[in-house]
Amino acid sequence: MQVVPLFINGKFVQSKTQNFRDVVNPATQEVLAKVPFATKDEVDAAVSAASEAFKTWKKTPIGARARIFLKYQQLIRENIKDLAKTLTAEQGKTLADAEGDVFRGLEVVEHASSIGNLQLGDFANNVANAVDTYSILQPLGVCAGITPFNFPAMIPLWMFPMAIVTGNTFVLKPSEQDPMVTMRLVELAHEAGIPPGVLNVVHGGEEVVNAICDHPVIKAISFVGSTRVGTHVYNRALASGKRAQCMMGAKNHAIVMPDANKEQTLNNLLGAAFGAAGQRCMALSVAILVGNSKDWIPELVSKSKTLKVSSGTDANVDVGPLVSKDALKRVTGFIDKGTNEGADLLLDGRDVKVVGFENGNFVGPTIFSNVKPGMSIYDQEIFGPVLCLMFADNLDQAIEMINANPNGNGTAIFTQSGAAARKFQEDIDVGQVGINVPIPVPVPMFSFTGSRASKLGDLGPYGKQVIAFYTQTKTVTARFFDDNTVSTGVNTTISLK
Ligand code: NAD
């Protein structure tokens, strides 16, 4: 049985722990590997390797840093099919979507390789007589990342490339549910030339995460995962004086206006609700049908029935399995609650049968109508292929409903009206806004910008904001005297003379 290694000081090493968890294929229940829960000493060893490496890495020229990431993007590109295969085996999503998972991370690596234009300070000439002021963006030191199960390629790649290319060193704690593709990406990073100690990986759960939050040497933590754990990480990291950014849970609403392009809207809505079996933080889990767009429900339901539920490796699959038996139990439990609490179950995915994969964690597309605030299926994040339908008389009412929900991760409007789209963009209180785009995850020159209960910390995990997150601004005010400068005597004022 393969045991997933730790990666400390440039070496793949076996943990000395007695505590392991199985990595399980969600379509077959085959145990693919065992992942160790690292000991406290191993976390310390990773941090101290990162701390030692920082001494030289922080002074490594920008061009040398950038070239490693140029090489890294090439290696990821060459290995994308194999990375996707590993990802599908341990996480379940379809091979095409797994490739998308790697590709969206690859885009961040490409962006990291243009660091020369990103980590620029400011300069002001002659702010006083012969005085110049300039600011420099210096790396913080050892930073850490904690990632969720649902994007085991993209989300680690949101984190360590931008942290490292800005001159920091890094300790990554991947999801214990699917660490294998992440480790393959770490192997490729090593091959690309990231020096020993600059990137380190420890595995584990609550104890390792708490050790990272408390570690006095770690300067900043980037977390992506559930609201419950993210809030804990944020508070604990701040209590020990760290910077933290926590991208957390969601309940993403779409507004469907009656003037929307019907075919495009229904296709986009279903792709975003049921793709990745609903296990995306940007999945559309609620659709608010405005006015006559409610007449499209029968077509929405019949289209949903055409989606193929199967193993992610099946050539024609649309919806793969949920990540674990626990997730299966939670999602089917929500569907039970939805019916008990009075929502109308228009399509029930609980009893889906997948020939050849009878042990898979499958739930088919599920649609509830007449969903109301106060119902568990609306108030909580289901993280499964369940779409809740609600109704509004007009756009204002729909916007009010979304702004009343505590989450602010993503949202979308479907309309052909520029005026409606612009009103939505202005008045909606959500971080990521799509206009006829169902999953508006920003490309890396912009930042991921969840708001309200979906995010803690001011700065996003990539884009311009992440340069600010991973650097400390130092402002230098400098004067050099010409030999013939005439002294004006002692200056006892605050003014620069
Ligand atoms: P999770 O919160 O269970 O796990 C995230 C990380 O925290 C993992 O590395 C895990 O090992 C660790 N962890 C788990 N329990 C812990 C505890 N008690 N104490 C300390 N650490 C703990 O999340 P998940 O189930 O892996 O991922 C799904 C969640 O992530 C969803 O809520 C989803 O919306 C969210 N998510 C958010 C974004 C975003 O950008 N906002 C992106 C992806 C996923």
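The values are calculated or read from the model by the stated rules, or taken from the named source; none is laboratory data. Note that the coordinates shown come from a computational prediction; the quantities given were computed from them, not determined experimentally. Cβ placement follows ideal geometry from the backbone for every residue including glycine, while neighbour counts extend to all protein chains displayed. Side chains included, ligands, DNA and RNA excluded: accessible areas come from the protein's heavy atoms. Shrake-Rupley method; radii C 1.70, N 1.55, O 1.52, S 1.80 Å.
Under a 1.4 angstrom probe, counting protein chains only, how are R243, R77 ranked by accessible area, largest first?
R77, R243
Counting only C-alpha contacts under 8 Å and six or more residues apart, can you give the relative contact order of the chain as a whole percent?
18
Scaled to the compact-protein estimate 2.2 N^0.38 Å, what is the alpha-carbon radius of gyration of the range 122-252, rounded to two decimal places?
1.23
Give the accessible surface of the range 344-497 per residue, rounded to a whole number of Å², with probe radius 1.4 Å and ligands, DNA and RNA excluded.
Per residue, the range 344-497 has 51 Å² of solvent-accessible surface.
Tell me what the chain gives for mean residue ellipticity at 222 nm when only DSSP H runs of n ≥ 4 count, each as -39,500 (n - 2.57), the sum divided by the residue total, rounded to 500 deg cm²/dmol.
That comes out to -11000 deg cm²/dmol.
What spacing in nm lies between the two simple spin-label points modelled at N261 and E78, each 7 Å away from Cα in the Cβ direction?
Calculated label separation equals 4.0 nm.
Taking the Cα atoms only, what angle lies between the long axis of helix 395-404 and the longest principal axis of the chain, rounded to 10 degrees?
Between helix and principal axis, roughly 60 degrees.
Going by alpha carbons, how many degrees (0 to 90, nearest 10) lie between the helix axis of 180-192 and the longest principal axis of the chain?
30
Along the principal axes of its C-alpha atoms, what lengths does the range 188-293 span, in descending order and rounded to whole Å?
Result for the range 188-293: principal-axis Cα extents of 58, 37, 20 Å.
How large is the Rg to Rh ratio of the range 273-317 when both quantities use alpha carbon positions and Rh follows Kirkwood?
1.05
So if I take the centroid of the Cα atoms in the range 424-497 and the same for the range 368-386, what is the distance between those two points in Å?
What the calculation gives is 37 Å, centre to centre.
Just for the Cα atoms in the range 402-497, what are the lengths along the principal axes, largest first, rounded to whole Å?
Result for the range 402-497: principal-axis Cα extents of 70, 28, 26 Å.
What are the extents of the Cα atoms of the range 251-393 along their three principal axes, in Å, largest first?
Per principal axis, max minus min of the Cα coordinates gives 45, 32, 24 Å.
Using the alpha carbons of the chain, what is the convex hull volume per residue in cubic angstrom, as a whole number?
171
Please report, in cubic angstrom per residue, the volume enclosed by the convex hull of the alpha-carbon atoms of the range 79-189.
Expressed per residue, the convex hull around the Cα atoms of the range 79-189 is 102 Å³.
Could you list the residues of the range 287-311 with an amide nitrogen less than 19 Å from a label point located 7 Å from the Cα of K423 in the Cα-to-C-beta direction?
288-294
Measure off, as a whole percent, the carbon and sulfur share of the 1.4 Å-probe accessible area of the chain, all protein chains present.
Using a 1.4 Å probe with all protein chains present, the chain comes out at 52 percent carbon and sulfur.
Relative to 2.2 N^0.38 Å, what does the C-alpha radius of gyration of the range 315-424 come to as a ratio? Two decimals please.
1.25
Nearest 10 degrees is fine. How inclined is helix 40-57 to the longest principal axis of the chain, computing both from alpha carbons?
50
Could you calculate the contour length gain from K294 to R228, that is, 0.36 nm times the residue separation minus the distance between their Cα atoms, to one decimal place in nm?
20.3 nm
State log₁₀ I(q)/I(0) for the range 15-56 at q = 0.15, 0.24, 0.25, 0.35 Å⁻¹ as given by the Debye formula over alpha-carbon point scatterers of equal weight, solvent excluded.
Log-scaled intensity ratios, in q order: -0.54, -0.78, -0.81, -1.06.
Can you tell me the FRET efficiency between K337 and N125 if r is taken as the Cβ-Cβ distance and R0 is 56 Å, rounded to the nearest 0.05?
With a Förster radius of 56 Å, E is 0.30.
If ligands, DNA and RNA are left out, what is the accessible area of V317 with a 1.4 Å probe, given in Å² to the nearest 10?
So the heavy atoms of V317 present about 20 Å² to solvent.
So what's the Cα pair-distance distribution over the range 1-150, bin width 10 Å, in %?
9, 24, 32, 22, 8, 4, 2, 0
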